[in-house]
Amino acid sequence: MTWFDRVQAARDEGFTFFDFLTAVDLEAEGFEVVLRLWDPLRHKEILLREQVPRDAPSLPTVTDLFKGAGWHERATAEMFGIAFVGHETQRLLLSEAFDGTPLRKDFVLAARVAKRWPGAKEPGESDADLQAPSRRRLQAPGTPKDWGPQ
Amino acid sequence: MTPYEIGLAALRASKEQGPPPRSRGVIALLEENCTVCMLCARECPDWCIEIDSHKETVPPRTERGRPRVLHRLDRFAIDFGLCMWCGICVEVCPFDALFWSPSFEHQTHEAQDLVHEREQLREWLGSVPPPPLLEGTSGT
Ligand code: SF4
Ligand code: SF4
């Protein structure tokens, strides 16, 4: 079943409330688009997932089924660079001038480069001690080497 | 009842009963328990806990003892403008120095006022509920 058909089938089964749509960056395995629906009568939820490749990731839009998915597809498009075919996704949160897809794991967050990691200090140290040269310091987990003010 | 009426009724009930158990309003710091181990600052995914401290050597307590080095807290601040209420800092603290208070009335008009320094973090202790009773017979 295609993505659209699966979402439609779930809706027709009673999952008539659209909660959210987003994506997960699986790195080499591409992306997983996640959609949560809610059945307000039976008080049940359903989570639909669809994996898309890393190269030119795209899925058909579900805005024909749920108008409210529009904003979520716009955010997912700009944050992950995933296209939703049949939906001309305009920018939602980022400015037109913004370059890049900030929720992809390989995207370097500029704010984190500019801010020093508070965990770099050892017990008994303050900001001033961070100036001390040539000490091996802990690095924030999940950041590339040599990040932040040196 | 319409969904709107259901929501309104829930809101009225919550005003009368107060926040539900384990509500996360704001984080309180019990400084006396903090050993400045830096674990919370390192585990916080949002980098919003700032801790400064210095080393202090205290003289030996007994005649043949050795002087000990203590870590003294100089600054402890949480930026609630960055915080996402994940609770990782409260969970990770090995010394029970951080607590959730259900108080959520700390809105401000200025982003920098969301940085709560140690005095403010101590004040939140006043609204921290007592710990839940232990289950079964383990508490008796
Ligand atoms: S609740 Fe989470 S985001 Fe907030 S200070 Fe604690 S670890 Fe950081
Ligand atoms: S984890 Fe607990 S003891 Fe360690 S620095 Fe944070 S508040 Fe203090």
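How many of the residues making up segment B:13-22 are loosely packed, with under 10 Cβ neighbours inside 10 Å and not in a loop (DSSP other than H, G, I, E, B)?
4
Within segment B:81-99, which residues are within 16 Å of ligand 2 (Cβ to nearest atom), more than 14 Å from chain A (Cβ to nearest Cβ) and surrounded by fewer than 19 Cβ atoms within 10 Å (Cβ to Cβ)?
B:86, B:87, B:90, B:91, B:96, listed by residue number.
Quick one: in segment B:65-116, which of the residues that are under 21 Å from residue A:123 (Cβ atoms) and assigned to a loop (DSSP other than H, G, I, E, B) is farthest from the chain's Cα centre (by Cα)?
Among those that are under 21 Å from residue A:123 (Cβ atoms) and assigned to a loop (DSSP other than H, G, I, E, B), it is B:66.
For the structure I just gave you, tell me whether residue B:57 is more than 15 Å from the chain's Cα centre (by Cα), under 20 Å from residue A:124 (Cβ atoms) and of a type in the set (Val, Ile, Thr). Lay out the reasoning, then the answer.
Numbers: more than 15 Å from the chain's Cα centre (by Cα): yes; under 20 Å from residue A:124 (Cβ atoms): yes; of a type in the set (Val, Ile, Thr): yes.
In short, yes.
Output the number of the condition that residue A:5 fails; it satisfies all remaining conditions of (1) acidic (Asp, Glu); (2) modelled with pLDDT of 95 or more; (3) closer than 26 Å to residue A:106 by Cα.
(3)
Could you figure out which of (1) of a type in the set (Val, Ile, Thr); (2) within 11 Å of chain A (Cβ to nearest Cβ); (3) away from ligand 2 (no atom under 16 Å from the Cβ) isn't true of residue B:62?
Condition (2) is where residue B:62 drops out.
Within segment A:19-35, can one find any residue that is within 30 Å of residue B:2 (Cβ to Cβ), surrounded by fewer than 13 Cβ atoms within 10 Å (Cβ to Cβ) and over 15 Å from the mean Cα position of the chain (by Cα)?
Checked segment A:19-35: no residue is within 30 Å of residue B:2 (Cβ to Cβ), surrounded by fewer than 13 Cβ atoms within 10 Å (Cβ to Cβ) and over 15 Å from the mean Cα position of the chain (by Cα).
Being within 11 Å of another protein chain (Cβ to nearest Cβ) and either surrounded by 16 or more Cβ atoms within 10 Å (Cβ to Cβ) or in contact with a strand residue (DSSP E or B) (Cβ under 6 Å, 6 or more places away or on another chain) (or both) narrows it down to one residue among A:120, A:128, A:111; which is it?
Details: A:128 fails: either surrounded by 16 or more Cβ atoms within 10 Å (Cβ to Cβ) or in contact with a strand residue (DSSP E or B) (Cβ under 6 Å, 6 or more places away or on another chain) (or both); A:111 fails: either surrounded by 16 or more Cβ atoms within 10 Å (Cβ to Cβ) or in contact with a strand residue (DSSP E or B) (Cβ under 6 Å, 6 or more places away or on another chain) (or both).
Criteria check complete, one pass: A:120.
Restricting the search to segment A:72-90, which residues are within 23 Å of residue A:26 (Cα to Cα) and over 14 Å from the mean Cα position of the chain (by Cα)? Write out each step before concluding.
Going through segment A:72-90, the residues within 23 Å of residue A:26 (Cα to Cα) turn out to be A:72-85, A:89.
If the condition is that a residue be within 23 Å of residue A:26 (Cα to Cα) and over 14 Å from the mean Cα position of the chain (by Cα), then A:84, A:85, A:89 are the ones that fit.
With respect to the numbered conditions (1) more than 11 Å from ligand 1 (Cβ to nearest atom); (2) of a type outside the set (Val, Ile, Thr); (3) surrounded by 16 or more Cβ atoms within 10 Å (Cβ to Cβ); (4) within 14 Å of chain A (Cβ to nearest Cβ), which one is the sole condition not fulfilled by residue B:25?
(4)
Can you spot a residue in segment A:104-123 that is touching a helix residue (DSSP H, G or I) at 6+ places or on another chain (Cβ under 7 Å) and within 30 Å of residue A:21 (Cβ to Cβ)?
yes
Among (1) modelled with pLDDT under 95; (2) in a loop (DSSP other than H, G, I, E, B), where does residue B:37 come up short?
Every listed condition holds for residue B:37 apart from (1).
The values are calculated or read from the model by the stated rules, or taken from the named source; none is laboratory data. The structure displayed is predicted, hence computed values, not measured ones. Ideal geometry is used to build each Cβ from the backbone, glycine not excepted, and the neighbour counts take in all protein chains shown.
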